[in-house]
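Chemist: Got a structure here, written out as structure tokens. Questions coming.
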There are 2 protein chains.
Amino acid sequence: MRRPFAARDRASSVSRRGLFGLGAVSAAGVAVAAGGAAARADGSAGDASDLSARLAFGGSGGTGFASGVVPFTGPHQAGIATPVQDRMHTAAFDLTTTDRVAVIRLLKDWTAAAARMTAGHGVGEGPIPIVAASPPDDTGEAIGLPASRLTLTVGFGPGLFEKDGADRFGLRAQRPAALIDLPHFAGDSLDPARCGGDLVVQACADDPQVAVHAIRNLARIGFGTVSVRWSQLGFGKTSSTTPAEQTPRNLFGFKDGTENIAGTEHDLLDRHVWVSGAEGPAWLAGGTFVVMRRIAMRIETWDRSPLTEQELIVGRTKGEGAPLGGGVAERDKVDVAKLPADSHVALVHPDANGGHRILRRGYSFVDGSDGLGRLDAGLFFVAFVRDPRTQYVPLQSKIARNDAMSEYLVHTGSGLWAVPPGVTGDGYWGQALLEG
Amino acid sequence: MRRPFAARDRASSVSRRGLFGLGAVSAAGVAVAAGGAAARADGSAGDASDLSARLAFGGSGGTGFASGVVPFTGPHQAGIATPVQDRMHTAAFDLTTTDRVAVIRLLKDWTAAAARMTAGHGVGEGPIPIVAASPPDDTGEAIGLPASRLTLTVGFGPGLFEKDGADRFGLRAQRPAALIDLPHFAGDSLDPARCGGDLVVQACADDPQVAVHAIRNLARIGFGTVSVRWSQLGFGKTSSTTPAEQTPRNLFGFKDGTENIAGTEHDLLDRHVWVSGAEGPAWLAGGTFVVMRRIAMRIETWDRSPLTEQELIVGRTKGEGAPLGGGVAERDKVDVAKLPADSHVALVHPDANGGHRILRRGYSFVDGSDGLGRLDAGLFFVAFVRDPRTQYVPLQSKIARNDAMSEYLVHTGSGLWAVPPGVTGDGYWGQALLEG
């Protein structure tokens, strides 16, 4: 009688890709015949059911594989300028190792898993291992779900380069000058447990179960190397990155992101988002920076404000989203001089910021209640910028001091990460940094 | 010159339904002409943009109204046996009043708002009031979104009938005998801030923004009468209530709810879910009880268990969901005697519980992280039962003590509410109780 592990040995020569899709039928079939039954020597699960489960899984799991896939490889990471999906699950991780090799292994394993999951496949051998006595490589809750336009985007926080004064991984010299520690802004009420993180991974998808599955499996892969510092679920994207789409509404009920940079505006992306090879460090060329801010919105107070006041605070009409001061349609030109000086649009508009623009990808959140009889709701603000020192810090400093909307906002979480370029070929996230 | 409020006076004779849909074009047009400009005497918002916004809103808001509407009225409340939507936002409220009239007003206003929102309309006059100097009746973030099969389901907790020994609203005598205070179960680790509540409202929809909008607007209406005790967002329904649908998977990666009662099985619903007129109290005939349990899942530990062990714990195969002990397909008959005695299915199957069944409507949740490097994830368990004393308490007592799965579960929130029957005609939620 063959040992169960013969099945695993044999399977390792089969394409991992094939194992999760239709290719799994024959591979798993062989495996069941070879080792599946032995692995369940307790006899409680019949061989027939075992085989059937694997066949049915491979079949039903195959339906959505070809649809809704955002390419994982490319010069830039997906999830930045690619069309914004409806749901997000973002997690920040702290490295619990001081071993650079472990970090490299983590990033290699994460990259391989991300490539599979964004293509609609399970991690590794998938949720139904060849040897049933092993823990599955994949947790299984996404079986049968399509790729759902899943994107996974990784960022490197200051702690990867230096933590408590220590150069844990020999990367201190590679820290980008623009990867600053964000200053304190007026009105900040930051919860340390919602701030920072050595690594961040943003998962966006059209189905929250797919986004959650992805983060959870990366956390699982990282067991022993990273621990989850915080995680945030978001729904109802608040920024469009495709010009034809209807602009979504934030929890103030207003359209948000009318003047966002579109993923198709390559010249604007080059100017405002992508780090060029010239400015360095070299490993970051084609990458960017991401600012994340968890912004609690005092929606109960907002809801008791008259429509007029709400519109004066925003600087646009609520229904259409037209700029105040003469606009009749959402995309009519904004004339900053005609807006109330303390309105949100007057302060954040590129015309009032030396032409600087940011690429937003925010989501609404509701995290239960605040213990004071109100919902804990708000905006999880995500912005990609080429240089946070010139694009985000001055903007947020100004908003925090002068924006009439600030009265309704409390920033409770914060972080800044350098986002490496995309992966090509057999590379992995951050390879140019780790092997540089 | 007419006073602004002339517009509101005039509008009050217009159907509320009309104001949010295409009918709003003429009504709002009249209103803008009559009073809108005066209401914005500050001049910062031009009349033209104002009018355009309202016209465009009425137009664009109308697109989805006819689609995805679950009827609000009927003998039973929607959101129980109607098809399960993909997303949930549930909130529990505590009454901050001791005035029965205020409770009646609240339930009347909630009913009117629920009827409008479930039909895809805004609350009251909608998010763009006739008089812009007033706070909008509706918070606006659902403008342009379809009804998304929104259902709103209300329940009455023990606190409505008696609180701290006081008969606040003269309803003590109407408390159903089955509306017990749930006992402590083995393994409970309940957070009081996630338990109970005088009232509960379950919002289910295909779009979380629609569900959140509904709860938020009910909270807004209740300002001064109720405060939010807790709220819970859920995604990825874990139970199907339509037999043709694929059974969804919970965060253990297994199909969940294979043997749930289908909304079309009227005889089973009559037997296991709906309270009859005979058993009383009379006001509850056609209603039911809802048990909600927030169950944190130790997914990190689960994920390190071998597939074999996971399947023995559940009692079904992971891929297909076939019952162990000879089954090959999900819906093959379960033979409890052939399952491991401590498996979940062996313990919860109707054959092991005197034929008792429950109607489940659970959702997965991820509420950030647990502060220990893990995701705070799990199942928000929702079950509708005719009598919790015979259907839920014995079941949960048995599971908590014997179920092999209990090792991976921590119950952190809990509540039981009596769910009044549906609304018909001009009635309101709980009318037979409040006016009985």
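Chemist: Which ones in the stretch B:223-238 are surrounded by fewer than 24 Cβ atoms within 10 Å (Cβ to Cβ) and more than 8 Å from chain A (Cβ to nearest Cβ)?
Modeler: B:224, B:225
Chemist: When you check residue B:103 against the structure, is it more than 14 Å from every other protein chain (Cβ to nearest Cβ), buried (at least 17 other Cβ atoms within 10 Å of the Cβ) and touching a Phe, Trp or Tyr at 6+ places or on another chain (Cβ under 7 Å), yes or no?
Modeler: Here the answer is yes, as residue B:103 does meet what is asked.
Chemist: Taking the stated definitions as given, is residue A:168 at the interface with another protein chain (Cβ under 8 Å from one of its Cβ atoms) and touching a residue at least 40 places away in the same chain (Cβ under 8 Å)?
Modeler: no
Chemist: Same structure again: Among B:74, B:122, B:140, which is the only one that is modelled with pLDDT of 95 or more, in contact with a helix residue (DSSP H, G or I) (Cβ under 9 Å, 6 or more places away or on another chain) and on the phi > 0 side of the Ramachandran plot?
Modeler: B:140
Here is a yes/no grid of residues against (1) facing chain A (nearest Cβ under 8 Å); (2) open to solvent by 30 Å² or more (accessible area, probe 1.4 Å); (3) at pLDDT 95 or above; (4) under 22 Å from residue B:409 (Cα atoms):
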site	(1), (2), (3), (4)
B:292	no, no, yes, yes
B:296	no, no, yes, yes
B:305	yes, no, yes, yes
B:308	yes, no, yes, yes
B:314	no, no, yes, yes
B:330	no, no, no, no
B:336	no, yes, yes, no
B:341	no, yes, yes, yes
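Chemist: Then there's this: Looking at the stretch A:94-111, which of its residues are under 29 Å from residue A:293 (Cβ atoms) and assigned to a helix (DSSP H, G or I)?
Modeler: Of everything in the stretch A:94-111, those that are under 29 Å from residue A:293 (Cβ atoms) and assigned to a helix (DSSP H, G or I) turn out to be A:103, A:106, A:107, A:110, A:111.
Chemist: Out of all the residues in the stretch A:273-290, which are polar (S, T, N, Q) and surrounded by fewer than 16 Cβ atoms within 10 Å (Cβ to Cβ)?
Modeler: Listed by number, the list holds a single entry, A:276.
Chemist: With respect to the numbered conditions (1) over 30 Å from residue B:192 (Cα atoms); (2) open to solvent by less than 10 Å² (accessible area, probe 1.4 Å), which one is the sole condition not fulfilled by residue B:326?
Modeler: (2)
Chemist: Do you know which of the residues in the stretch B:130-164 that are farther than 19 Å from residue B:93 by Cα and without any contact (Cβ under 8 Å) to a residue 60 or more places away in the chain is farthest from the other protein chains (Cβ to nearest Cβ)?
Modeler: Going through the qualifying residues, I end up with B:137.
Chemist: Does residue B:319 meet the test of being under 21 Å from residue B:247 (Cα atoms) and surrounded by fewer than 19 Cβ atoms within 10 Å (Cβ to Cβ)?
Modeler: In short, no.
Chemist: Taking the stretch B:369-396, which residues are surrounded by fewer than 20 Cβ atoms within 10 Å (Cβ to Cβ) and either facing chain A (nearest Cβ under 10 Å) or modelled with pLDDT under 95 (or both)?
Modeler: B:370, B:371, B:372, B:373, B:374, B:376
Chemist: (1) away from chain B (no Cβ under 14 Å); (2) open to solvent by less than 10 Å² (accessible area, probe 1.4 Å): which one isn't true of residue A:365, the others all being true?
Modeler: (1)
Chemist: Just one of B:91, B:114 is away from every other protein chain (no Cβ under 14 Å), under 22 Å from residue B:434 (Cβ atoms) and either in a helix (DSSP H, G or I) or not acidic (Asp, Glu) (or both); which is it?
Modeler: Of B:91, B:114, the one residue that is away from every other protein chain (no Cβ under 14 Å), under 22 Å from residue B:434 (Cβ atoms) and either in a helix (DSSP H, G or I) or not acidic (Asp, Glu) (or both) is B:114.
Chemist: Checking the condition open to solvent by 50 Å² or more (accessible area, probe 1.4 Å), farther than 24 Å from residue A:426 by Cα and in a loop (DSSP other than H, G, I, E, B), which residue from A:190, A:179 passes?
Modeler: Unique residue meeting the criteria: A:190.
The values are calculated or read from the model by the stated rules, or taken from the named source; none is laboratory data. Keep in mind that this is a model prediction, so the values were computed, not measured. Cβ coordinates were reconstructed from backbone atoms using ideal geometry, including for glycine residues, and neighbour counts include every protein chain displayed. We work out accessible area using only protein heavy atoms, side chains counted, and drop any ligands, DNA or RNA first. Shrake-Rupley method; radii C 1.70, N 1.55, O 1.52, S 1.80 Å.
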